[in-house]
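A quick write-up on the structure given underneath.
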Amino acid sequence: MNFVILKSLFLRGQTYRKHGRGTGERLLFLAEGLFFTAVVAKVFYGTFAAVLFLLPLLYPMWKRFQRRRREKYKRKMNDQFKELLSSLLSSMKAGYSAENAFRSAYEDMAFLFGEKSHICKALTRICGGLDSHIPLETLLGRFAMESGTEEIREFADVFAIAKRSGGRMSEILLRSASLIQDRIDVEKEIGILISAKKMEQVIMDIVPFAIIVYISVTSRGFFSVLYRSPGGIILMSVCLGIYLTAFIISEKIVDIKV
């Protein structure tokens, strides 16, 4: 059962491979996860052998790891996409067509973020699709789906509607881009405001371990009755469950969506 869990964690992560996260990163997570479960086993049960029973914890840890990496990728992509919008609007105000605006934006993005950045790779695919006579709205739809960010998806939808309606493209995109940029700025401000609270959360997560380790070192044998009796093991398991519940609640408190 535990071997199946480890195997599934190692083989999962297709989304992250698409964004340059491969086997090496999953191995690093596996090492960190095993280290954490070993610490929990030693602190709450007094023996590393308890790791065998704590391996199922790796699954929620993996899901959290994926979510964190995905959020980090989205933040980075949104920052780059915000600069892309500014470049596109400048080009379109200068009289460029939408297709040529995307072609010219590549140089600006390469200068700001480098040719290996996510936005440059996306622009390379878009420009290649344009050279193959694929409609721009189709390419933007693919880009939005691959990025997984709501801001890019909204922009792609607005662009497709504006393209079909034949309205004033620059004015429609300007209004849409302004709203998207405002949302990105608000998300960044919220992240800055709650960064101190997140640090407090990390400290509070460490405190229970620090207390138990301190007592164990200064008063050897103090927890022996808890580690060696069925009642003590049950009590420590309840404490571990309370700790994990508090950890999940604290994560949700600081997870603010715009």
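Can you pull the percent of the chain's accessible area that's carbon plus sulfur, 1.4 Å probe, other chains left in place? Kindly include the intermediate steps, with their values, before the conclusion.
On the way: 9900 of 15420 Å².
It is 64 percent, rounded to a whole number.
Working from Cα pairs under 8 Å separated by at least six residues, relative contact order for the chain is 16 percent.
Which length gain, in nm to one decimal place, applies between SER86 and GLU251 when the Cα-Cα distance is subtracted from 0.36 nm times their residue separation? Before the final figure, lay out the partial values.
Working: separation 165, 0.36 × 165 = 59.40 nm, distance 3.40 nm.
Gain on extension, SER86 to GLU251, equals 56.0 nm.
Relative to the Cα centre, the charge distribution of the chain, modelled as +1 at Lys and Arg Cβ and -1 at Asp and Glu Cβ, gives a dipole magnitude of about 800 debye. Per the Debye formula on identical point scatterers at the alpha carbon atoms of the chain, with no solvent, log10 I(q)/I(0) at q = 0.07, 0.09 Å⁻¹ is -0.39, -0.58.
If you roll a 1.4 Å probe over the heavy atoms of the protein chains, what accessible area per residue do you get for region 137-199, in Å²? Don't skip to the end; give the middle numbers.
On the way: 3680 Å² over 63 residues.
Per residue, region 137-199 has 58 Å² of solvent-accessible surface.
Anything over 29 Å Cα to Cα? Flag those among LYS82/LYS116; LYS121/LYS197; LYS163/LYS252, in the order listed. With Cα atoms farther than 29 Å apart: LYS121/LYS197; LYS163/LYS252.
Among the DSSP helices (H) of the chain, those spanning at least 24 angstrom by Cα along their long axis with an average Kyte-Doolittle hydropathy of -1.0 or more are 23-45, 169-193, 195-218, 230-253; this is a geometric and hydropathy rule only.
Cross-link partners for LYS188 among the aspartates and glutamates, with Cα-Cα distance under 14 Å and sequence neighbours closer than 8 places in the same chain left out: GLU71, ASP79, GLU151, ASP255.
Between ARG175 and ARG75, 0.36 nm times their residue separation minus their Cα-Cα distance comes to what?
Working: separation 100, 0.36 × 100 = 36.00 nm, distance 2.17 nm.
Stretched out fully, the ARG175 to ARG75 stretch lengthens by 33.8 nm.
Take the Cα gyration tensor of region 74-162, multiply each eigenvalue by 5, square-root it, and list the three semi-axes largest first, rounded to whole angstrom. Mind showing how you got there, number by number?
Values: eigenvalues 55, 50, 35 Å².
Over the Cα atoms of region 74-162, the semi-axes work out to 17, 16, 13 Å.
Summary of the geometry: region 191-209 and region 59-123, compared by the centres of their Cα atoms, lie 30 Å apart.
The values are calculated or read from the model by the stated rules, or taken from the named source; none is laboratory data. Just so it is clear, the structure is predicted and the values come from calculations on it, not from any experiment. Here Cβ is always computed from backbone atoms with ideal geometry, including for glycine, and neighbour counts include all displayed protein chains. The accessibility values were calculated without ligands, DNA or RNA, using every heavy atom of the protein model including side chains. Shrake-Rupley method; radii C 1.70, N 1.55, O 1.52, S 1.80 Å.
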